Structure formats: C-alpha cells, structure tokens
Amino acid sequence: MELHHNFDPNGTTSSLDVQATIAASYTVTPPLPEDKFLCAFSHIFAGGYSAGYYSYKWAEVLSADAFAAFEEAGIEDEANVRRIGRKFRSTVLSSGGGRHPADVYRDFRGKDATPDALLRHSGLLK
C-alpha cells in the first residue's frame, strides 16, 4: 500500500528502498541484499488466482458492510443489535441459496455493499 499511496517514482527513493524500510519494521529477519521479491511477486496476478483473491476480498467487503449495520444501529444498544441480528438471520441466513446473493444482501442492508466499511475498519478511510 505504501508504494501505491506515497511512493513517488520520480523521487530519490527507489521502490526497493521502500521495501527495505517496511521489511525493517515488519519482518523477523531482514531481506538479503539480492532479494528482489517486490519485482517478482506474481502470486495474485498469475495462474488464475486473481479471481480467487478477488472473491476473498469481496467476502471481506460483505463482512465489514454487514457489521456496519450493527454499528449504525448502535453496537451498545442491545435491543437494536437483536433487531439487526434477527434481520440478518431472516434474510442472509435463512435464504439458503434459493435467491441471488445480491438480492438477499439488499434485503438485509437495504442497499448494495460498498467497500467503505472495510476501508474504515482497515484505517484507510475516516
């Protein structure tokens, strides 16, 4: 994310410098000087995995957006939490694949899912 958000390709810092800086804070052992993993990472882009990765990310979007319904109702308000929980049970959990998932989700939330809650929960959106 740092490369996509703050990196200036015309600046004095290389993308590999950014990788080394992040690795210094988040890896157990520092990468070897010849490590060019950043240039070779193709896990989600090659071999057909990208569609699978997208489905994982979309599941996170749905999860965060569904949880946002509880937040919006007042997560500390027990009556509202029960009300939203019952609505979730009567829409999402009770349909059992009998209807298109997007229609079921819309019945629960009253709208399509958006990535806003996931971005907020990840600290990327206020």
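Observations
- At most 10 other Cβ within 10 Å, DSSP loop - GluC sites (Glu not before Pro), the range 44-126: 76
- Close Lys pairs in the chain (alpha-carbon distance under 23 Å; sequence gap of 8 or more, or different chains): 4.
- For the chain, built as a Gaussian network whose Cα springs stay under 10 Å, the top-fluctuating residue of 18, 92, 28: 28
- Computed over protein heavy atoms with a 1.4 Å probe, the accessible surface of the chain works out to 75 Å² per residue.
- The fraction of accessible area contributed by carbon and sulfur in the chain is 58 percent, rounded to a whole number (1.4 Å probe; ligands and nucleic acids excluded).
- q = 0.13 Å⁻¹: log10 I(q)/I(0) that the Debye formula gives for the chain, counting C-alpha atoms only: -0.77
- In the range 30-71, one over the average inverse separation of all distinct C-alpha pairs is 12.9 Å, which is the Kirkwood hydrodynamic radius.
- The relative contact order of the chain comes to 19 percent, based on Cα pairs under 8 Å that sit 6 or more residues apart.
- Loop-resident chymotrypsin sites (Phe, Trp or Tyr not before Pro) (DSSP state other than H, G, I, E or B) in the range 11-43 with no more than 13 further Cβ atoms inside 10 Å of their Cβ: 41.
- Candidates 98, 74, 52, ranked by Gaussian network fluctuation over the chain, Cα under 10 Å, top entry: 98
The values are calculated or read from the model by the stated rules, or taken from the named source; none is laboratory data. What you see is a predicted model; the values in this text were computed from it and never measured. Please note: Cβ atoms are built from the backbone with ideal geometry, for glycine as well, and neighbour counts cover all protein chains shown. Surface accessibility is based on the protein's heavy atoms, side chains included, excluding ligands, DNA and RNA. Shrake-Rupley method; radii C 1.70, N 1.55, O 1.52, S 1.80 Å.
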